[in-house]
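The values are calculated or read from the model by the stated rules, or taken from the named source; none is laboratory data. Remember, it's a predicted structure, so these values are computed and weren't measured experimentally. Counting neighbours? That spans all protein chains shown, and the Cβs are built from the backbone with ideal geometry, glycine included.
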Amino acid sequence: MQYESAFTELQHAMQGLRQKSLSIADFCKVWRKQQALLAALPPQYATVMEDLLGRLEAGSLFTEESCSFSQIDLLATLDTWLNKARATLNTAS
């Protein structure tokens, strides 16, 4: 698949964030630099991704207890985003 390296980079970033070896700011940079992947997907993928990243960044400003955005839930949703993006591109090719 043409975008496999992008998907691998995104998954490594997810793992790094979960293991706390990658900051939320760096995680978001990795995700946002995937312009070729985003261009290959329908436009709503970029919208949803940016919304999720924005929530993740907003949540990082607060302790887990005081924020309505659960990092665990947001990462699970980003996992779903990755799976759907991969399936969308596999169907298109």
* **When residues of the range 12-56 are limited to those that are outside any helix (DSSP H, G or I) and charged (D, E, K, R), the one modelled with the lowest pLDDT** => Lys20
* Can you pull out the residues in the range 1-41 that are among the small types (Gly, Ala, Ser) and within 19 Å of Gly54 (Cβ to Cβ)? -> Ala13, Ser23, Ala25
